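One structure below.
The values are calculated or read from the model by the stated rules, or taken from the named source; none is laboratory data. Computed from a predicted structure; not experimentally measured. All Cβ positions, even for glycine, are placed from backbone atoms using ideal geometry, and neighbour counts span all protein chains on display.
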Amino acid sequence: MVDVSHETTQQTHDRLTRVLASATLTLYDEPYAFEEHPVDDAPVPIRGALAVVVDDDVASVLVPAGDDAAERFGIVKVHFPDGVDNSGFVGWLATHLKAALGTGVFVVCGSNSERGGIYDYWGFPWELREPVVDVIARLRER
């Protein structure tokens with residue numbers, strides 16, 4: 001269930017800092033990339049894929065990056081504890097990363113009812129992996 005919160009900007013920041021501190025994070029050690037496949041020929045499921053997103057005619061599959069990948073992304077997976085109000089989290093953290101590093105991000109969400117429900121894969125340029133991790137670590141320490 002999506003929570004609706006009526007709070008000030010500071011209250012949102014304080015709540016989402018606590019949410020981030022309580023979340024379980026997994027940093028992937030290798031870069032990932034998107035492969036495109038025609039929807040009719042998409043090899044689903046694909047071993048090693050983190051996500052498959054389908055457009056009208058293309059399946060975009062997030063897989064470990066090969067050496068020839070045009071764009072390589074660092075990935076952090078965020079699992080939220082059960083029952084926390086994480087509403088607004090994506091926009092909040094994306095705004096922090098944009099302000100601190102100038103980078104945009106992509107987020108792919110999934111659900112795992114055994115681990116609290118919604119979880120996120122956060123993607124960002126591979127070359128910013130360590131700075132992104134540093135920004136997240138500083139926010140978790142507040």
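Mind listing just one residue for me: the one in region 11-68 that is over 19 Å from PRO125 (Cα atoms) and in contact with a Leu (Cβ under 7 Å, 6 or more places away or on another chain) and, of those, surrounded by the fewest Cβ atoms within 10 Å (Cβ to Cβ)?
Within region 11-68, the match that is surrounded by the fewest Cβ atoms within 10 Å (Cβ to Cβ) is THR17.
Could you check how many residues of region 70-87 are of a type in the set (D, E, K, R), assigned to a loop (DSSP other than H, G, I, E, B) and farther than 14 Å from GLU127 by Cβ? Walk me through it before giving the result.
The initial filter retains those residues of region 70-87 that are of a type in the set (D, E, K, R), namely 71-72, 77, 82, 85.
Right, trim to assigned to a loop (DSSP other than H, G, I, E, B) and you get 71-72, 82, 85.
Remaining after also requiring farther than 14 Å from GLU127 by Cβ: 82, 85.
Of the residues in that region, 2 qualify.
Considering only residues that are hydrophobic (A, V, I, L, M, F, W, C) and surrounded by 18 or more Cβ atoms within 10 Å (Cβ to Cβ), look in region 99-125 and name the one that is nearest to VAL53 (Cα to Cα).
Narrowing region 99-125 to residues hydrophobic (A, V, I, L, M, F, W, C): 99-101, 105-109, 118, 122, 124.
Imposing the further condition that a residue be surrounded by 18 or more Cβ atoms within 10 Å (Cβ to Cβ) reduces the set to 105, 122, 124.
On the way: VAL105: 16, TRP122: 14, PHE124: 17 Å.
The selected residue is TRP122.
So for region 49-69 (the condition being within 15 Å of the chain's Cα centre (by Cα), at pLDDT below 90 and assigned to a loop (DSSP other than H, G, I, E, B)), does at least one residue qualify?
yes
List every residue pair whose Cβ atoms lie under 9 Å apart, where the two residues are 6 or more positions apart in sequence or sit on different chains, the first residue falls within region 118-142 and is closer than 16 Å to ASP29 by Cα, and the second residue, located anywhere, is assigned to a helix (DSSP H, G or I) and among the small types (Gly, Ala, Ser).
So the pair list comes out as TRP122/ALA94; PRO131/ALA100; VAL132/ALA100; ASP134/ALA100.
For region 69-98, which residues satisfy the criterion of being within 16 Å of LEU128 (Cα to Cα), β-branched (Val, Ile, Thr) and surrounded by 15 or more Cβ atoms within 10 Å (Cβ to Cβ)?
Correct list: ILE75, VAL76.
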